[in-house]
Amino acid sequence: MVLQRLVVWSLCLATVAAIPIDNGVEGDPEIECGPTSITVNFNTRNPFEGHIYVKGLFSDPECRREETGGRSVAGIELPFDTCNVQRTRSLNPRGIFVTTTVVVSFHPQFITKVDRMYKLQCFYMEADKTVSAELSVSDLTTVGVETTIVPMPICRYELHEGGPDGPLIKFGFVGQQIYHRWVCDTETQDTYCMVVNSCTVDDGQGEKIKILDEKGCALDKFVLNNLEYPTDLSAGQEAHIYKFADRPDLFYQCQIAITIKEPNAECARPECAEPEGFNTIRLSGEVAPGAPNPPHGVEAQGAEEAPEAPEAAETPESRRRRGKREVGFDQSNVMDVRAEMSAINIMDEDEAKNIQESIRKREADGQMAPSGHQIVYRTLGGDGACVSPMSIALLVFCGFSLLGTFMAIKLASARSKFDKE
């Protein structure tokens, strides 16, 4: 009887500790940057039976690869024009970055502790074209001219908590104040000007909204107001966090046009009217069920552009008003910048701040690490074990069973001793 109880207790202990999947990614992934697609392959410790998919697009068969053949190699090919593969232009170095994020899942239905997420990035450098010609002329005095190549600025898009001097923010709650900041770094002074334009925000799943037009003017004062330019190579504006319905992720992308600053002149800035409300432009995606269409919004797909008004003849007065040059963008000097974050649902402000403070402490203690815009909790190492609520209930049941067994043994022993006496 005692042996049977001990066997039951041993079985209970065996079911309490969660057993991780005996598999994992071996080494670094192998990435192939092709002319029209990105291909990535993974080597696994044991035969792989799971999924590889683009983050946020598991339900799209074109963005998911299932492996059931029992091989220890898995991979996926992603064409540039599918699965929300992002392309951003760069001026320093000059070329295009192609970026995506894939998830390797070893369980057919769930995300587990052995799964991994990888951010893939390929860079396609723009080739420099050199044109030469020969011409013979009579001998003249040769004067040496020294040519110095000034590198193009390196620009970035940042989201700060509270204001321009606040910490960078990767997650927040709806309604929280943040500061959008664009800044370019360069080795020279008073050489370049910048204008931020063509800003969009998307949810990573195909819905994209334009919030800043091609001239650099804001479209919706409730989303983002007209930008301020404190210096030649910086811009910013305060805003509040918002999110798409039932989707936490926000991906911002803007263009930054770099121009040469004229001597003794100010940088050209967009001349924008005060933006109205509910005037963003939907570039792609469907309107959420039950959500009204913006009264002044424009559907970019199928929308007809209004005819341009005829230009008036230029007068001396209009030429004098053009003290600041009109903004004109050379597309060869336009780069793309991106920023991303996750928004928590609307909640009590104190509760949201407590959650943020808890996550910051976990980051400082090394208990969790941000991976892109998603917060990924590190798994327990060594002797740690995952315990589910069902396992806890089973543990309590086994504890009471063990206690009952012990009491029964003691009672039987006392009764046997009493009978002998």
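The values are calculated or read from the model by the stated rules, or taken from the named source; none is laboratory data. Bear in mind the structure is a predicted one, so any value in this text is a computation, not a measurement. Counting neighbours? That spans all protein chains shown, and the Cβs are built from the backbone with ideal geometry, glycine included. Remember, those area values only see protein heavy atoms, side chains included, never the ligands or the DNA or RNA. Shrake-Rupley method; radii C 1.70, N 1.55, O 1.52, S 1.80 Å.
Conditions (1) closer than 30 Å to Phe48 by Cβ; (2) touching a Phe, Trp or Tyr at 6+ places or on another chain (Cβ under 9 Å); (3) at pLDDT 90 or above, marked per residue:
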position	(1), (2), (3)
Leu120	yes, no, yes
Asp139	no, no, no
Pro151	no, no, no
Gly166	no, yes, yes
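When you scan the stretch 22-43, do you find a residue that is aromatic (Phe, Trp, Tyr) and under 20 Å from the mean Cα position of the chain (by Cα), even just one? Looking for residues that are aromatic (Phe, Trp, Tyr) and under 20 Å from the mean Cα position of the chain (by Cα), one finds none in the stretch 22-43, hence no. Scanning the stretch 78-103 for residues that are in contact (Cβ under 8 Å) with a residue 40 or more places away in the chain, in contact with a strand residue (DSSP E or B) (Cβ under 6 Å, 6 or more places away or on another chain), over 19 Å from Glu340 (Cβ atoms) and in a strand (DSSP E or B) returns Pro79, Leu91. Ala257 satisfies every condition listed in (1) outside any strand (DSSP E or B); (2) out of contact with any His (no Cβ under 9 Å at 6 or more places or on another chain) except (1).
Is it the case that Asp203 is under 26 Å from Ser90 (Cα atoms) and either open to solvent by 40 Å² or more (accessible area, probe 1.4 Å) or of a type in the set (Ser, Thr, Tyr) (or both)? Steps first, answer last, please.
On the way: under 26 Å from Ser90 (Cα atoms): yes; either open to solvent by 40 Å² or more (accessible area, probe 1.4 Å) or of a type in the set (Ser, Thr, Tyr) (or both): no.
Answer is no for this residue.
When each of Gly297, Gly290, Gly323 is tested for being modelled with pLDDT under 50 and surrounded by 11 or more Cβ atoms within 10 Å (Cβ to Cβ), the lone residue that passes is Gly297.
As a summary of the residue check, Glu49 satisfies the conditions (1) over 20 Å from the mean Cα position of the chain (by Cα); (2) of a type in the set (Asp, Glu); (3) at pLDDT 90 or above except for the one numbered (3).
Residues of the stretch 93-120 that are exposed (fewer than 15 other Cβ atoms within 10 Å of the Cβ) and within 13 Å of the chain's Cα centre (by Cα): Lys119 alone.
Of the listed requirements (1) of a type outside the set (Lys, Arg); (2) buried (at least 16 other Cβ atoms within 10 Å of the Cβ); (3) under 19 Å from the mean Cα position of the chain (by Cα); (4) farther than 20 Å from Arg87 by Cα, Leu250 misses just one: (4).
Of everything in the stretch 156-166 that is open to solvent by 40 Å² or more (accessible area, probe 1.4 Å) and touching a residue at least 12 places away in the same chain (Cβ under 8 Å), the residue that is farthest from Leu227 (Cα to Cα) is Glu161. Here the stretch 71-88 is the region considered, the condition is being touching a Phe, Trp or Tyr at 6+ places or on another chain (Cβ under 8 Å) and either open to solvent by 50 Å² or more (accessible area, probe 1.4 Å) or under 25 Å from Phe48 (Cα atoms) (or both), and the residue that is modelled with the highest pLDDT is Ile76.
Yes/no per residue for (1) closer than 20 Å to Asp165 by Cα; (2) among the acidic types (Asp, Glu):
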| site | (1), (2) |
| --- | --- |
| Glu187 | no, yes |
| Glu207 | no, yes |
| Lys215 | no, no |
| Leu227 | yes, no |
| Thr231 | yes, no |
| Gly236 | yes, no |
| Arg247 | no, no |
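Within the stretch 19-63, being open to solvent by less than 70 Å² (accessible area, probe 1.4 Å), among the aromatic types (Phe, Trp, Tyr) and closer than 15 Å to Glu77 by Cα holds for Phe42, Tyr53.
Applying the criterion of being small (Gly, Ala, Ser) and open to solvent by less than 30 Å² (accessible area, probe 1.4 Å) to the residues of the stretch 167-200, the residue that is farthest from Thr231 (Cα to Cα) is Gly172.
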